1. Which shape class applies to region 148-233: rounded if a/c is under 1.5, otherwise prolate when a/b exceeds b/c and oblate if not, where a ≥ b ≥ c are the square roots of the Cα gyration tensor eigenvalues?
2. Could you list the GluC sites (Glu not before Pro) in region 181-261 that lie in coil according to DSSP, counting only those with at most 10 other Cβ atoms within 10 Å of their Cβ?
3. Within 12 Å, Cβ to Cβ, of ALA148, how many net charges do the neighbouring residues add up to if Lys/Arg are +1 and Asp/Glu are -1?
4. How far is it, in nm, from the label point at ARG316 to the one at ASP133 when both lie 7 Å from their Cα along the line to the Cβ?
5. Work out how much length PHE23 to LEU116 would gain on full extension: take 0.36 nm times their residue separation and subtract the Cα-Cα distance, in nm to one decimal.
6. For SER220 and HIS249, compute 0.36 nm times the residue count separating them, minus their Cα-Cα distance, and round to one decimal in nm.
7. Quick one: order ILE270, ILE118, ILE62 from most to least accessible surface, probe 1.4 Å.
8. Using a 1.4 angstrom probe on the protein heavy atoms only, could you order TRP37, TRP255 from most to least accessible area?
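The values are calculated or read from the model by the stated rules, or taken from the named source; none is laboratory data. Keep in mind the model is a prediction, meaning the values are calculated, not measured. As a convention, Cβ positions derive from the backbone with ideal geometry for all residues, glycine included, and neighbour counts pool all protein chains shown. Ligands, DNA and RNA are excluded from the accessible area calculation, which covers all protein heavy atoms including side chains. Shrake-Rupley method; radii C 1.70, N 1.55, O 1.52, S 1.80 Å.
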Amino acid sequence: MCNNECDASTDELAHPPELMFDFEGRNPTTFWQSSSWNTFPKPLEVNITLSWNKTIELTDDIILTFESGRPEQMLLEKSLDYGKTWTPYQFYATDCLDAFTMEPKTVNELTQRTLLDIICTEDYSRGYVWKYDKTVRFEIKDRFALFAGPRLHNMASLYGQLDTTRNLRDFFTVTDLRIRLLKPATGATMVDENNLSRYFYAISDIKVQGRCKCNLHSNSCVFDKDKGKLGCECEHNTTGPDCGRCKRHYHGRPWSVGSYLPIPRGTANICIHSSHGPVHRANASSLGVANRNQAHVCDNAMLLCQNGGTCHHHQRCHCAPGFKGVLCERTRCQVLGPCEEYPTAGQPSLHHPLLLGPPGLLLSLLLPLVVIWFC
């Protein structure tokens, strides 16, 4: 592609990794290019690792644009522990059985029950035969559609599943992504050993779209220049990189992730002050009787029973069918099954007014939104 003039040591002829993430739209297109397959028959393998130093929730398809032929074998991997361990996300090959001993599948063959399955697809590996199709995708929206419908019109169903099924939330969550290029496009059954310079990888664009994971306890995620990483601006008396614990003196009830339910306003699950927490009884040997000055578990002001629950003597919430928790803040749901019906009327939920936006597009609902463009 470079007329044998590629030279990493010369700026005018170099194709460094930064060119996968610059602004596209110029002519000619800029791209990163690997070395050629001069070591054949040894494999030509290259790893491309994307690290955010922050937990990210994916909200749209991952898209790679190749300026060479698309690889004949490739693996997309994810990490949830900042690159310490890796698990497969999806396999790509012209022949899945031969490359990975896996039956080929497409995302359209997945169901709600098999959504978490790791598949091998042959849809994006047709080298030079499909030279005008440059992209390789990991289909996030098609997986969302298994719960929300083909046009993502039933977001309440998707949010209900994300709210109650941790494995499903974790599937769309990453700290790092790794693209493992295992075999370049050859366009033939045999490699031309007399022309090995034609075999290489070249990528012009990698696009990843997502938001910071803040457990629905933040409406913004900012880049801290001093620390050199993204961070949640935690609310609801929470703290931590992902707003994953209650602040000091706010342990009146256990920390809990914010809830999408009930749609559309959600439930904040605010950490409450320790003085308003569950009843603590004094030492019987010193007082002989339980302490009568018990803290309120619920009331009709700041500690409202949520989702239609009613407060009984300030000590217990009687929850409506389909809900549980100290303040009826959690739903009763089956694993990867439909949630029980929840009331559409009742007392207002304890929430932050911007926890969730109005119903509509996926990205307007999934707040806080951080779009991470690599163009």
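1. Oblate.
2. Hits after loop and neighbour filter: GLU193.
3. Charge balance near ALA148 sits at +2.
4. Label-label distance for ARG316 and ASP133, simple model: 6.1 nm.
5. Length difference between fully extended and current span is 30.1 nm.
6. 8.1 nm
7. So the residues, ranked largest to smallest area, are ILE118, ILE270, ILE62.
8. Largest accessible area first, the residues go TRP255, TRP37.
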